[in-house]
Amino acid sequence: MATQTEHVAASPVPEAITSRAAKPRRTLSLAWIWPYLFILPFLLVFVTFFVAPFVYDIIQSFYAEKHAGGLGLSPPKVVWVGLDNYVQALHDPGLWDGFWRVFVFGIVQIPVMMVLALLIALLMDSVVIRFRSFFRLAAFVPYAVPGVVAAILWGFFYTPGISPISQAFRSAQLTPPDFLGPSTILWSIANISTWVYLGYNMLIFFAAMQAIPQELYEAARIDGLTEVGIARHIKIPMIFPAMRLGLLFSIIGSIQLFNEPRILENISGAINEHFTPNIFAYNIAYIQSNYYYGGAIAALIGFITFVFSFAFMTLTQGKKRG
Amino acid sequence: MATIPADLPNVPTEQSGGDRRQVLIGYKAWAPKNMVGYVFLIGMTIYFLTPLYWLFIASSKDNTDLFASFGLWFANFKLLDNLTQLFTYEGGIYLRWILNTVLYAVVGGAASTFIAMMAGYALAKLRFLGNRLLFAMVLGAALVPLTTLAVPIYLVESKIPGLTHTYWAVLLPTLLSPFGVFLARIYATASISDDLIAAARVDGASEFRIFWSVALPILVPGMITIFLFQFVAIWNNFFLPLVVLSDPTLFPVNLGLATWSFDPAAHELLNNIIVTGSFVAVLPVAVLFLFLQRYWRAGLSLGSVTG
């Protein structure tokens, strides 16, 4: 932001365009309107599909459908209930079950994926490994597979009759593992997320490593640092901002988990209607058409996602550049 | 990229795909101590590629062989039969889904890229009241994924008569790309010089003319990166179409394949179509990815270094 102001101040540009403090003789010029025309399309979309849905969602969350008569024979009326929906949600074991599950998911899946991504990125950036571009492509290709298709694809790997893994176990006279049972299904989903997003994170780390000035390496080598030492003391600290970004997106993605469990629900009885918070919101708002309670749950999910993102960004602040 | 220092005379350089790196004497690519790295990379590569390899093999099998034959090798080669079945099933609706997806991803991606370029250019190069506030909002919104917005958007759209269950219901929300604006601002700041804009103004060009004829051509690589990000986001979009569409003729291929796999009665009979349909859906995007890989790296490094 600072550089931008300097640019404007330094540029020999007619002031009516770049400066709000136009000289009096230019007050009739309409040039000031241009920047607003440039941002207008974005603002329209932003207000319509970001601000309005959030505001409307929160308004809805303060209402509920109530039957006037005790028997429920009279048509339901929509009445203001204040924070009742939120109180109900906070006492709803279904919602907390979902939050707890995505928390456990994130605590395990994110570190595993990030460590693997970092190791591959370090090897990709190392001068001693051959066929780097092939390995890099192989890691990145799963990211081209849409999440839903990835879930369907891995679903076949988890289905006993068709899975090549189960085939291998059977041919070795072993009992194939149950990928879809209550104790394993979460990790089967974690595997799908890891498979899709590992290469994406690897590429973020790799791109950040490529941006490290070569002079640092030369200095380190003259100081007698080994390749492993360079990785530990230069590369990992230098790519900290990139790791922070990758971690942030992974935390958000974990809390928002929806596609994979929604697809696997079809073949696994272990996925219930409150498996993840978003699955719960979908079932309340869409399947049960309870817009009001669903609105409160969606707002809570958004709020908790924000709290976790904000907490993460605050806790990792100031550690930039190691 | 740094030049080779003069005090290290015997440093050869390795050139591969424009990636010019220094190789120091004493490092051998096949040294035993590097073998751990190779074993790890080969193991990971097997993990990444086996499911896709299986998908290719499986799309050549009929429903009997899918269950009866060894999964990682061909049985009776029925790829053409499967493709015929896939493209004629339910009156050829699969082709319709592919075309819908292309429509959503290409039109939505292109339109949102253009909207993001205009806003990002204005944020980077034009001074106006609310510039900082708008940028702060863009940053905040970039952290909110489309999934969070699916239920709220559904609530709003279901109140607008005639919007849900149309192409617009999916297309319009995908025009929003705060991350695209964020990237566009970075690209415009980095690659458009103020002198260039000033010169164009002296020549009497209008602000839009400057954006269109001077700035945009310079920003083409950035535009491709932003388009790719949004294209993939829309191609992956599942939650939103799931809740705002009910007419199967409007489905993107994601949702179409999912509904086939949701149908428990037909599931057993449809396995070969679902497998072949997944294969066909993956292929074009995977190819597009491989060819445009450098734009990904450009986008990711800028986004992560600055973010």
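We did not get these values from a lab; they are worked out from the coordinates using the rules stated. This is a predicted model, so every value here is computed, not measured. Cβ: placed from backbone, ideal geometry, glycine included. Neighbour counts: every protein chain shown.
Can you show me the helix-derived [θ] at 222 nm for chain B, built from DSSP H runs with n ≥ 4 at -39,500 (n - 2.57) apiece and divided by the number of residues, rounded to the nearest 500.
Mean residue ellipticity, 222 nm, calculated: -20000 deg cm²/dmol.
How high is the FRET efficiency between B:Ala136 and A:Ala311 when r is their beta carbon distance and R₀ equals 22 Å, given to the nearest 0.05?
Working from the Cβ atoms, E equals 0.70.
Between A:Phe105, A:Phe258, A:Phe306, which gets the highest mean-square fluctuation from a Gaussian network model of chain A, Cα cutoff 10 Å?
Largest GNM mean-square fluctuation: A:Phe306.
Sticking with the crude label model, points 7 Å out along Cα→Cβ, report the distance from A:Leu216 to B:Leu103 in nm, one decimal please.
The two pseudo-label positions are separated by 4.9 nm.
Under 20 Å Cα-Cα from B:Lys125, which aspartates and glutamates qualify once same-chain neighbours fewer than 8 residues away are excluded?
Of all the aspartates and glutamates, those that pass the test against B:Lys125 - Cα under 20 Å, at least 8 places apart if same chain - are A:Glu6, A:Glu15, B:Asp194, B:Asp195, B:Asp203, B:Glu207.
Can you give the mean number of other chain Cβ atoms that lie within 10 Å of the Cβ atoms in peptide B:108-120?
Counting Cβ atoms of other protein chains within 10 Å of each residue's Cβ and averaging gives 3.
Apply the Karplus curve 6.51 cos²θ - 1.76 cosθ + 1.60, θ = phi - 60°, to the phi angles in the range B:269-284 and return the couplings in whole Hz, x for Gly and Pro.
Calculated HN-Hα couplings, in order: 6, 9, 3, 5, 6, 5, 4, 5, x, 5, 4, 5, 6, 7, 3, x Hz.
Which residues make up the longest stretch of chain A that has no trypsin sites (Lys or Arg not before Pro) in a DSSP loop with at most 11 other Cβ atoms within 10 Å?
A:21-318
Residue-wise, which Karplus ³J(HN,Hα) couplings in Hz belong to the range B:188-201, taking 6.51 cos²θ - 1.76 cosθ + 1.60, θ = phi - 60°, and x for glycine or proline?
In residue order, the calculated couplings are 5, 4, 6, 10, 9, 7, 5, 4, 4, 5, 4, 4, 5, 5 Hz.
Using just the helices of chain A, give the 222 nm mean residue ellipticity in deg cm²/dmol: DSSP H runs with n ≥ 4 each add -39,500 (n - 2.57), and the total is spread over all residues, rounded to 500.
Computed mean residue ellipticity for chain A: -19000 deg cm²/dmol.
Among A:Leu257, A:Leu43, A:Leu153, whose mean-square fluctuation peaks in a Gaussian network model of chain A (Cα, cutoff 10 Å)?
Between A:Leu257, A:Leu43, A:Leu153, it is A:Leu43 that shows the largest mean-square fluctuation.
Specify the residue with the greatest mean-square fluctuation among B:Tyr187, B:Tyr104, B:Tyr53, computed from a Gaussian network of chain B linking alpha-carbon atoms under 10 Å apart.
B:Tyr53
Taking the Cα centroid of the range A:93-150 and of the range B:27-74, what is the distance between the two, rounded to the nearest whole Å?
17
Could you give the nm distance between label points at A:Ser133 and A:Asn266, where each point is 7 Å from its Cα heading toward the beta carbon?
Between A:Ser133 and A:Asn266, the simple spin-label model gives 3.9 nm.
Just checking the output field for B:65-73: average partner chain Cβ neighbours within 10 Å of each residue's Cβ?
3
Kirkwood-based Rg over Rh for chain A (C-alpha set), two decimals?
For chain A, the value is 1.08.
Could you check the simple spin-label distance between B:Val287 and B:Leu163, using points 7 Å along Cα→Cβ, in nm with one decimal?
Distance between the two pseudo-spin positions: 3.8 nm.
Under the Karplus relation 6.51 cos²θ - 1.76 cosθ + 1.60, θ = phi - 60°, what is the ordered set of whole-Hz ³J(HN,Hα) values for the range A:240-250, x standing for Gly and Pro?
Residue by residue, the range A:240-250 yields 3, x, 5, 5, 4, 5, x, 5, 4, 5, 5 Hz.
Work through the residues other than A:Gly229 whose Cβ is under 12 Å from its Cβ and net out their charges, Lys, Arg +1 and Asp, Glu -1.
+1
Using Cβ contacts closer than 10 Å as the measure, can you line up A:Thr314, B:Thr101, A:Thr159 from fewest to most?
So the residues, fewest neighbours to most, are A:Thr314, A:Thr159, B:Thr101.
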